[in-house]
Amino acid sequence: MKYSALSLLGNALTQNRNWKPAWRKPEPKSRYDAVIVGGGGHGLATAYYLAKEHGMRNIAVLEKGWIGGGNTGRNTTIVRSNYLWTEASLLYEKSMELWEGLSQDLNYNVMFSQRGVYNLGHTLQDMRDIERRVGANRLNGIDAEIVRTDEITAAIPHLNTSPSARYPILGASLQRRAGVARHDAVAWGFARAADKLGVDIIEQCEVTAIRRDNGRVTGVETSRGVIEADKVGVVVAGHASVLADMAGIRLPVESHPLQAFVSEPMKPILHTVIMSNAVHGYISQSDKGELVIGAGIDSYVGYGQRGSFQTIEHTMEAIVELFPIFSRVRMLRQWGGIVDVCPDACPIISKMPVEGLYFNCGWGTGGFKATPGSGWVFAHTIAQDQPHDLNAPFALNRFETGALIDEHGAAAVAH
Amino acid sequence: MLLIRCPYCGERAETEFSYGGEAGIVRPKDPDALSDAEWADYVFHRKNTKGAYRELWNHALGCRRWFELERDTVTYRFNDDAS
């Protein structure tokens, strides 16, 4: 069923009794041309673009829990492309272009709202970095501008821009095309569109081993039996090292808990997205009225999908420093997601030493914004057995050659 | 918050410590003899184990000494047999 105003009206007239599930729940087949491990936004997008752009139809997405239940549903939903280095900014900008047409393309409202993202500067060095990044963005054709404190005050009156603040705001970068999207809808939209093209989405199916023969991947063993496949694409975020270990591969990633918070719902008070590197927090307001808040990772390696109290405290301190008006707002919910952090804070989207095996990992704290672009380049890599120009710099062997893309601290936010 | 047992000072709050990552990584004696792949493995690649993991901690706001503990990276419990 195509979603439209007409289908909405028709279903309203029949008292909404005839809505169909948005995707099937098929039993796994014994063999697929390609298997995608991980049913988050990135995995579902990969399957969708494999089917749509590369004509592969015999594909399965294997998800150990439920789709979109990992980091896809545990982030602060911010979408932007104002990265410093050319390799990174072109990849995120490809994603931004896909975001701009995504709801139409998927026939599913992902509620992409280009409400702008401000990255605040609190020191002279912050402002020099911002000028450099805005210049670099413009040279790469990405919209970016510098705004002065009085303009920020006019745009966001509740933000504490007083010169007597502990960390006074000296200015900001602004990307007007940036914004937020509804993260659950992104997973569901990609799942529904991929399912329509014949992709099997198999939930409650955990991969326990990667089968290989003579340096070639032959399939996966799962909690629901053996599934043969010519190609296996792994995109499992925090569990990348666990899956790599099954294939005898070591990765340069470490998994850390990263928390996100939402407050009780309030009337509209914040129409844009604010990020601060120095005070270290980011905040926006969802369409339901909740403040959506995030900050830094826990320092230690962890797979526990929960974060520590001192991190919660630091996050709230940062938000209250920026917005004293929110000091008595109560937090409603809190999650921990497990993020796989690369030494250069850039992803690995790459062929692996095992033939037919591909990994898409290392997105660290910033994977959500890349969801469509990540799936698009990963699908190309799997289908053509070679990376697209956009993700060629993000190969695993950059850690041997030294061609790192150092976005740590450069990418408009501390990681 | 973790309660971390410093072998010199006893149990203290996590906020007194800084994290040193995977334990037992030894700097190669002769880096020039290593291939690029071996050097990358030493510098960048980590076990990142889900489960029992030996780690380095530094009691940064206490005795400032480094020590090693084994912790479960899922339950976050420290294992008793660790020194």
For this session: Give the Debye-formula value of log10 I(q)/I(0) at each listed q (0.08, 0.14, 0.15 Å⁻¹), with one equal scatterer per alpha carbon of chain A, two decimals each.
Result: -0.43, -1.26, -1.41
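Average partner chain C-beta neighbours within 10 Å, per residue of A:250-258?
Average per residue, whole number: 4.
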Exercise. Once phi is turned into ³J(HN,Hα) by the Karplus curve 6.51 cos²θ - 1.76 cosθ + 1.60 with θ = phi - 60°, what whole-Hz value does each residue of the range A:214-231 show in order, with x for glycine and proline?
Worked result: 6, x, 10, 6, 10, x, 9, 9, 10, 5, 10, x, 7, 10, 7, 7, 6, 10
Exercise. If only Cα atoms are counted, what is the Rg of the range A:131-224, and what is its Dmax, in Å?
Worked result: 24.1, 67
Problem set entry | 10 Å binning of all Cα-Cα separations within the range A:1-149, expressed as whole percents from 0 upward | 9, 26, 29, 21, 11, 4, 0
Problem set entry | Amide H contacts under 5 Å for A:THR218, placed H, 5+ residues apart | A:ARG211, A:ARG212, A:ASP213
Exercise. Given the Cα-Cα distance of A:HIS408 and A:LEU124 and 0.36 nm per residue of separation, how much length would full extension add, in nm?
Worked result: 100.3 nm
Problem set entry | 222 nm mean residue ellipticity, helices alone, for chain A (DSSP H n ≥ 4; -39,500 (n - 2.57); rounded to 500) | -8500 deg cm²/dmol
Exercise. Near the amide H of A:VAL61, under 5 Å away, which other amide H atoms are found, from residues 5 or more places off or on another chain, if H is placed in the peptide plane?
Worked result: A:ILE36, A:ASP200, A:ILE201, A:ILE202
Seminar exercise, completed: By the Kirkwood definition, with r running over pairs of different Cα atoms, the range A:201-257 has a hydrodynamic radius in Å of 12.2 Å
Seminar exercise, completed: In the protein assembly as shown the cysteines whose Cβ sits 4.7 Å or more from every other Cys Cβ are A:CYS205, A:CYS342, A:CYS346, A:CYS361, B:CYS63
Problem set entry | the range A:288-368 - charge dipole about Cα centre, Lys and Arg +1 at Cβ, Asp and Glu -1, debye rounded to 20 | 360 debye
Exercise. Relative contact order of chain A: what whole-number percent is it, with Cα pairs under 8 angstrom and at least 6 residues apart?
Worked result: 23 percent
Exercise. In what order do A:VAL279, B:VAL26, B:VAL74, A:VAL110 fall by count of nearby beta-carbon atoms within 10 Å, going from fewest to most?
Worked result: B:VAL26, B:VAL74, A:VAL279, A:VAL110
Seminar exercise, completed: For the range A:49-154, the charge dipole (Cβ of Lys, Arg +1; Cβ of Asp, Glu -1; about the Cα centre) points to a positive end, and the Cα of A:GLY68, A:GLY141, A:LEU120 closest to that extreme belongs to A:GLY68
For this session: Choose one of A:HIS54, A:SER223, A:GLY10: the residue whose Cα lies farthest towards the positive end of the charge dipole of the protein assembly as shown (beta-carbon charges +1 Lys, Arg; -1 Asp, Glu; about the Cα centre).
Result: A:GLY10
For this session: Would you mind calculating the gained length between A:MET1 and A:SER30 on full extension (0.36 nm times residue separation, minus the Cα-Cα distance), in nm to one decimal?
Result: 7.6 nm
Exercise. How far, in degrees from 0 to 90, does helix A:309-322 lean away from the longest principal axis of the Cα atoms of chain A, to the nearest 10?
Worked result: 50 degrees
Seminar exercise, completed: Taking A:ARG133, A:ARG176 and counting other beta carbon atoms within 10 angstrom, the fewest-first order is A:ARG176, A:ARG133
Problem set entry | Folded to 0 to 90 degrees: helix A:86-100 orientation relative to chain A principal axis, Cα | 80 degrees
Problem set entry | Rh by Kirkwood over Cα pairs, then Stokes-Einstein D for the range A:270-371 at 1.306 mPa s and 10 °C, µm²/s | 101 µm²/s
Problem set entry | Number of partner chain Cβ atoms within 10 Å, mean per residue of B:14-21 | 3
Exercise. So how far, in whole Å, is the C-alpha centre of the range A:263-298 from the one of the range A:104-177?
Worked result: 14 Å
Problem set entry | Whole-angstrom gap from the range B:8-44 to the range A:357-401, using each part's C-alpha centre | 27 Å
Seminar exercise, completed: Distance in nm between A:ALA209 and B:ARG64 label points, each 7 Å along Cα→Cβ, equals 5.2 nm
Problem set entry | Förster-model FRET efficiency, 56 Å R0, B:ASP80 and A:ARG328, C-beta, rounded to 0.05 | 0.85
Exercise. How high is the FRET efficiency between A:MET266 and A:ARG166 when r is their beta carbon distance and R₀ equals 35 Å, given to the nearest 0.05?
Worked result: 0.90
Problem set entry | Listed pairs A:LYS94/B:LYS47; A:LYS64/A:LYS94; A:LYS25/A:LYS231; B:LYS29/B:LYS50 exceeding 24 Å between Cα atoms | A:LYS94/B:LYS47; A:LYS64/A:LYS94; B:LYS29/B:LYS50
For this session: Could you tell me how many degrees, from 0 to 90 and to the nearest 10, lie between the Cα long axis of helix A:124-139 and the main elongation axis, the longest principal axis, of the Cα atoms of chain A?
Result: 50 degrees
Seminar exercise, completed: Under 17 Å by backbone N from the virtual spin label 7 Å along Cα-to-Cβ at B:ALA37, the residues of the range A:237-272 are A:245, A:247-252
Exercise. Residue-wise, which Karplus ³J(HN,Hα) couplings in Hz belong to the range A:174-186, taking 6.51 cos²θ - 1.76 cosθ + 1.60, θ = phi - 60°, and x for glycine or proline?
Worked result: 9, 10, 6, 6, 6, x, 9, 9, 7, 5, 4, 5, 5
Exercise. Between the range A:13-83 and the range A:215-240, what's the alpha-carbon centroid distance in Å?
Worked result: 16 Å
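Laboratory data are not the source of any read-out in this text; all were calculated from the coordinates shown. Since we're looking at a predicted model, the values are computed, not measured. Backbone-built Cβ (ideal geometry, glycine too); neighbour counts: all protein chains shown.
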